[in-house]
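The values are calculated or read from the model by the stated rules, or taken from the named source; none is laboratory data. Quick caveat, the model's predicted, so the values are computed rather than measured. Here Cβ is always computed from backbone atoms with ideal geometry, including for glycine, and neighbour counts include all displayed protein chains.
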Amino acid sequence: MNTPKAYKIRSKKLSGTDYLEVRKKVSAFYSRIEKRTKRRTYVRSAYFDKDKVFLGLFWHHLKDRLNFKDKIRRLKYFPCAIDLIEHSKFAPSSKINTDRRYETLHRFAGITADNEIFFVQIKENKNNGQKYLISVFPLG
């Protein structure tokens, strides 16, 4: 895996310590994106030549997390992740999924306006070329 170059974004991570408080902020942010799309919610990626990156899988992945602190930690970076996907043209570190050979996992690195490092993981299905946001998480 090659080391990715980190993209500096303009947005800051969300504040808050309570799950419902942070979830409410993320839901409001997500609903603005959802209103721009007709069917499945997506954003266009600068790195993938304006291809769609679907966001629905992120919520299923987040739901599988049992620890509320981990959920809060990941949700706080959701707006930063969207900003990174939409604007970063830096190459991610990519690897083929060992369990499913038809999938490639891309990991983008980003730096928030507060100088905090985070990562965005996108899964690409090689068969149909669709891309899905899987996860967002800070360094450490």
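Six or more apart or on different chains, Cβ under 9 Å: which pairs go from a residue in the range 73-98 that's over 29 Å from residue 28 (Cβ atoms) and in contact (Cβ under 8 Å) with a residue 40 or more places away in the chain to one that's assigned to a strand (DSSP E or B) and small (Gly, Ala, Ser)? Could you list them? If the second residue must be assigned to a strand (DSSP E or B) and small (Gly, Ala, Ser), the pairs left are 93/109. Taking the conditions exactly as written (closer than 24 Å to residue 17 by Cα, in a helix (DSSP H, G or I), over 13 Å from the mean Cα position of the chain (by Cα) and of a type in the set (Asp, Glu)), does residue 83 satisfy them or not? In short, no. Selection of the range 41-54 for residues being touching a Ser or Thr at 6+ places or on another chain (Cβ under 7 Å) and in a loop (DSSP other than H, G, I, E, B) yields 46, 47.
The residue of the range 14-46 that is nearest to residue 59 (Cα to Cα), among those that are among the basic types (Lys, Arg) and touching a strand residue (DSSP E or B) at 6+ places or on another chain (Cβ under 8 Å), is 40.
If the condition is being over 9 Å from the mean Cα position of the chain (by Cα) and among the hydrophobic types (A, V, I, L, M, F, W, C), then the range 109-140 contributes 109, 111, 113, 117, 118, 139.
Restricting attention to the range 101-133, the residues being farther than 15 Å from residue 44 by Cα and either among the small types (Gly, Ala, Ser) or part of a loop (DSSP other than H, G, I, E, B) (or both) number 12.
Name the single residue, out of those in the range 1-22 being of a type outside the set (Gly, Ala, Ser) and buried (at least 17 other Cβ atoms within 10 Å of the Cβ), that is modelled with the lowest pLDDT. Ranking the qualifying residues of the range 1-22, first place goes to 4. Only a single criterion out of (1) in a helix (DSSP H, G or I); (2) free of Cβ contacts under 8 Å to residues at least 24 places away in the same chain is not satisfied by residue 57, namely (2). Can you find a residue that is in contact with a Ser or Thr (Cβ under 8 Å, 6 or more places away or on another chain), modelled with pLDDT of 90 or more, within 18 Å of residue 131 (Cβ to Cβ) and hydroxyl-bearing (Ser, Thr, Tyr) anywhere in the range 60-77? No, that holds for no residue. Filtered by the rule that a residue be of a type outside the set (A, V, I, L, M, F, W, C) and touching an Asp or Glu at 6+ places or on another chain (Cβ under 6 Å), the range 40-91 gives 41, 45.
Contact map, the range 27-41: residues that are on the phi < 0 side of the Ramachandran plot paired with residues that are in a helix (DSSP H, G or I) and among the aliphatic types (A, V, I, L, M), Cβ distance under 9 Å, separation 6+ or inter-chain. Pairs shown: 29/82; 30/82; 33/82; 41/33. Put simply, of 71, 63, 38, 89 the only residue that is outside any strand (DSSP E or B) and within 14 Å of residue 7 (Cα to Cα) is 89.
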